[in-house]
Amino acid sequence: MAENVASTVPRNWRLPLCATIISFFCFLALACCRADTFLFLSVFVVAPVFLMISITAPIYAAFRNRRQFLPIVAALAVLWASSIPLFLYDREHPFAIRETARWLVWSHEYKQQVMAQPASLNGQLKHIEWDGSGFAGIANNTVYLVFDPADTLSAATTYGRAGTLNGIPCDVRGVRRLERQWYSVLLYTDQTWEQCK
């Protein structure tokens with residue numbers, strides 16, 4: 001009898017372990033996807049699935065298999081806790097986790113897109129719109145991927161200095177270094193690079 005109890009306890013806790021592994025890979029994949037895909041998947045796929053699982057799984061465990069109740073609740077806690085870093089809001093740079101994941105996976109492609117931009121006659125740095133948030137033209141935050149051949153933006157990341165920077169026409173809310181000469185630049189809410197030219 002004691003052997004049966006000892007052998008079932010670890011098996012019961014396989015569910016939280018599996019939930020941890022699955023959620024890690026799901027959120028890594030979600031973090032690496034493009035901005036428009038991220039919004040669609042997180043709002044219309046991940047959130048409803050999580051909500052449905054969070055409601056039905058404990059009810060099922062409570063009525064059908066009481067021994068699984070605690071492992072199921074633990075698995076749900078792991079799923080929800082693992083999603084928090086993806087949506088954490090950092091005032092200085094709210095997209096830091098997604099940017100890091102996307103840069104690790106897609107940097108070669110993004111570099112090609114930026115380098116394909118024509119050189120600016122007025123000294124502006126090469127850039128592309130890289131990420132953003134907002135809804136229907138309200139409270140839009142736009143992030144640009146910027147190539148700085150002289151690496152002058154490193155001072156802004158070192159000292160946390162924002163504001164007016166050489167080669168960028170708008171006031172900058174935050175600068176984050178991705179690698180040497182490559183930066184993500186967050187503008188103030190409802191500003192775009194083109195509006196400031």
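The values are calculated or read from the model by the stated rules, or taken from the named source; none is laboratory data. Remember, it's a predicted structure, so these values are computed and weren't measured experimentally. Every residue, glycine as well, gets a Cβ built from its backbone with ideal geometry; the counts of neighbours run over all protein chains shown.
Please verify whether the stretch 169-191 includes one or more residues that are among the small types (Gly, Ala, Ser) and modelled with pLDDT under 80. Can you show your working first?
Keep residues of the stretch 169-191 that are among the small types (Gly, Ala, Ser), which gives 174, 184.
Okay, now just the ones that are also modelled with pLDDT under 80, so none.
No: zero hits.
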Note to self: Just to be sure I understand the filter: pairs with C-beta atoms under 9 Å, separated by 6 or more residues or on different chains, first member in the stretch 114-125 and among the hydroxyl-bearing types (Ser, Thr, Tyr), second member at pLDDT 80 or above. Which pairs pass?
What the structure shows: Ser120/Lys126; Ser120/Gly167
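Which of the residues that make up the stretch 122-146 are among the hydrophobic types (A, V, I, L, M, F, W, C), under 21 Å from the mean Cα position of the chain (by Cα) and either modelled with pLDDT of 90 or more or in the same structural domain as Leu30 (by TED's automatic domain parsing) (or both)?
The answer is Ile128, Leu145, Val146.
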